[in-house]
Amino acid sequence: MKRIMRTLTCCCFFILLKTYGCTEVVLSTDRTFVSENLTLTFTCSTTNDASYIGVHKHYHILVRMGYINNNCTIRRYDNLLSSCSCINNKTYKCTTQPMTRLNNTDEWYCIASVEGIAFKSNVVSIDVRVPIALVTLRPDLDKPMTVNEEETLLFTCNAFNGLPAANITWFMKIIQTILTAILLCQIIQ
C-alpha cells in the first residue's frame with residue numbers, strides 16, 4: 001500500500017511539474033525606448049494557454065483579458081492603454097496612449113492565470129527619450145568681448161528639456177594672431 005501511495009505521489013508531482021513548472025510568462029515591447037508623444041506596444045506571452053492575463057503598472061492593474069466561450073473579453077480598469085487584443089490563448093497585446101517624460105522609468109509587468117495559478121512576468125522599465133528643445137550660451141558669443149589677463153569670465157551653456165540630460169562638452173580654439181579665444185559648446189544626446 002505504501003509503495004502504491006509513493007508511486008501515486010510521484011506521478012502527481014510529475015504531472016504538476018509538467019503542467020506548471022514549465023510555464024513562463026514574458027512581457028516584451030516593440031522597441032527598447034520610446035520617444036515622447038509616441039505609443040509603445042506590449043506583448044504578454046505564455047508558454048501554456050492562459051485563462052486570462054492582466055497588465056499592471058506599478059502594482060495597479062490596467063486591463064484584464066482572456067477568452068470566455070472562445071471570445072476575447074477585455075476589461076479595462078484605466079485609460080493608459082489605447083487598445084488591447086487577444087492574439088491567441090498564449091499571446092496578448094496592448095498599445096499605450098502617447099508616452100510623456102512622466103512615464104520614464106515606469107515599471108510594467110503582466111500576470112497570467114494558467115489552470116488557476118498566477119504566474120508573473122519579468123518587469124519592463126520604460127525608457128522615454130525627449131530631444132533637446134533649446135540650447136543657450138551666455139554671454140552671447142556673437143558679440144566681441146575683451147577679457148584682460150588675470151580676469152575671470154563665466155560662460156554658461158544650457159540645454160533644456162532633454163531626457164536623458166545632455167552631455168555638454170566644452171572646446172576652446174585659440175587663434176594665434178591676436179590670441180582670440182573662440183569658445184563653443186557641443187551638445188551630445
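Observations, loosely collected:
- Listed here are the strands (runs of 3 or more DSSP E) enclosed by the stretch 96-162 that have at least 2 residues being small (G, A, S) and under 21 Å from N37 (Cβ atoms), and there are none.
- Qualifying residue in the stretch 62-77 (condition: assigned by TED's automatic domain parsing to the domain that holds S28, assigned to a loop (DSSP other than H, G, I, E, B), closer than 18 Å to T39 by Cβ and of a type outside the set (D, E)): no
- Per the listing T9, T73, the residue uniquely more than 23 Å from the chain's Cα centre (by Cα) and modelled with pLDDT of 95 or more is T73.
- For the stretch 56-68, filtered to residues that are within 16 Å of V114 (Cβ to Cβ) and within 23 Å of the chain's Cα centre (by Cα), the residue that is surrounded by the most Cβ atoms within 10 Å (Cβ to Cβ) is M65.
- Candidates in the stretch 119-144 are the residues that are farther than 30 Å from V55 by Cβ and surrounded by 11 or more Cβ atoms within 10 Å (Cβ to Cβ); of these, the one that is nearest to the chain's Cα centre (by Cα) is I132.
- You will find that of N103, N79, N161, N148, the residue that is modelled with pLDDT under 95 and under 30 Å from I61 (Cβ atoms) is N79 and no other.
The values are calculated or read from the model by the stated rules, or taken from the named source; none is laboratory data. These figures come from a predicted structure and were not determined experimentally. Note that we place each Cβ from the backbone using ideal geometry, even for glycine, and neighbour counts take in every protein chain shown.
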